[in-house]
Every structure is written in structure tokens, then in C-alpha cells.
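Q: For reference, the structure I am asking about is given below.
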Amino acid sequence: MNTICIMCPMGCPLEITESGNVIVVKGNTCKRGTDYGVQEYSAPKRVVTSLVHTETGKVVSVKTAELIDKKIIFNVLDALKNIRIKLPIKIGDVIIHNVCGSGVNIVATSSIE
Ligand code: SF4
């Protein structure tokens, strides 16, 4: 597979292949690119950002506190879709603990009184 390393602004183009049981990353210019390529090939992960509604109708921006498995992104978005949270909310407040059993929390990235 071909992709771009997103670990720094250099954006090195990566070519990732599998030879036997070994994942081979080419095109990177540092070890972070190797690590990113191996993860992207074997178990891609993402930070998910979204908006959730409050009881007053305002919306609060949120994100996963850590990377989550790319396979459960839509489950996480579904979990966020129908909740209504109480105000006030401060940056860093946990909105959902262990979202979708991922072990990762959803946290607020904005504050609303
Ligand atoms: S391989 Fe290294 S230099 Fe290239 S984008 Fe990734 S982190 Fe940056």
C-alpha cells in the first residue's frame, strides 16, 4: 500500500509491503515513519473529532483522548450522535468514559458556560 506519513510536516510518501511475516516500509526518512507505516498497515488508528449537543442546544467540540482503532470510528460517531450533555463544560472534561469499550475517553476540546 502507498500512503503519506503524517507524523511531521515533511509528509514522506511511504510504500508499505509485506514480505513473509515482515512489514517493510520504504520512503520514510526516520524511524517514526517506519513505526507509523507498520501501524498503518497492521492496525490503523485515528483521533476522532466531532461535535456533541448540549441540553441547551449549543454544541461542544470533542475528541478521543487517544488514538482509537480505525474500525470503530463509525461506532464512536454513533455513540456521540444522540447524547445531550449538561453545561457547564470545560476543556478536558470527560464526556464519555471508555467509548465503545475502546478503553479511550471522549473529552471536550472547548468550554461552554
Ligand atoms: S518519515 Fe519521518 S521525516 Fe518523514 S514525514 Fe514521517 S516523521 Fe516526518
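Q: Looking at Ala79, Ala108, can you tell me which residue is farther than 30 Å from Asn21 by Cβ and touching an Asp or Glu at 6+ places or on another chain (Cβ under 6 Å)?
A: Exactly one of Ala79, Ala108 is farther than 30 Å from Asn21 by Cβ and touching an Asp or Glu at 6+ places or on another chain (Cβ under 6 Å), namely Ala108.
Q: Taking the stated definitions as given, is Val76 in a strand (DSSP E or B) and touching a helix residue (DSSP H, G or I) at 6+ places or on another chain (Cβ under 6 Å)?
A: no
Q: Right, next: If we scan segment 86-95, do we find a residue that is on the phi < 0 side of the Ramachandran plot and small (Gly, Ala, Ser)?
A: No, segment 86-95 contains no residue that is on the phi < 0 side of the Ramachandran plot and small (Gly, Ala, Ser).
Q: Here's something else I'd like to know. Leu14 - would you say it is modelled with pLDDT of 95 or more, part of a strand (DSSP E or B) and either more than 9 Å from the ligand (Cβ to nearest atom) or acidic (Asp, Glu) (or both)? I'd like the intermediate steps shown before the answer.
A: On the way: modelled with pLDDT of 95 or more: yes; part of a strand (DSSP E or B): yes; either more than 9 Å from the ligand (Cβ to nearest atom) or acidic (Asp, Glu) (or both): no.
So Leu14 fails the test.
Q: From Lys26, Lys63, Lys45, Lys70, which residue is within 18 Å of Ile95 (Cα to Cα) and among the charged types (D, E, K, R)? Break it down into steps so the answer makes sense when it comes.
A: On the way: Lys26 fails: within 18 Å of Ile95 (Cα to Cα); Lys45 fails: within 18 Å of Ile95 (Cα to Cα); Lys70 fails: within 18 Å of Ile95 (Cα to Cα).
Just one listed residue meets the conditions, Lys63.
Q: Among the residues of segment 65-101 satisfying the criterion of being modelled with pLDDT of 95 or more and polar (S, T, N, Q), which is surrounded by the fewest Cβ atoms within 10 Å (Cβ to Cβ)?
A: That would be Asn98.
Q: While we're on this one: Between a first residue in segment 68-87 that is farther than 10 Å from Val48 by Cβ and a second residue that is part of a loop (DSSP other than H, G, I, E, B) and of a type in the set (A, V, I, L, M, F, W, C), which pairs have beta carbons less than 7 Å apart while being 6 or more apart in sequence or on different chains?
A: Matching pairs, first to second residue: Asp69/Ala43.
The values are calculated or read from the model by the stated rules, or taken from the named source; none is laboratory data. Keep in mind it's a predicted model, so treat the numbers as computed, not measured. Glycine also receives a Cβ, built like all others from the backbone with ideal geometry; neighbour counts cover every protein chain displayed.
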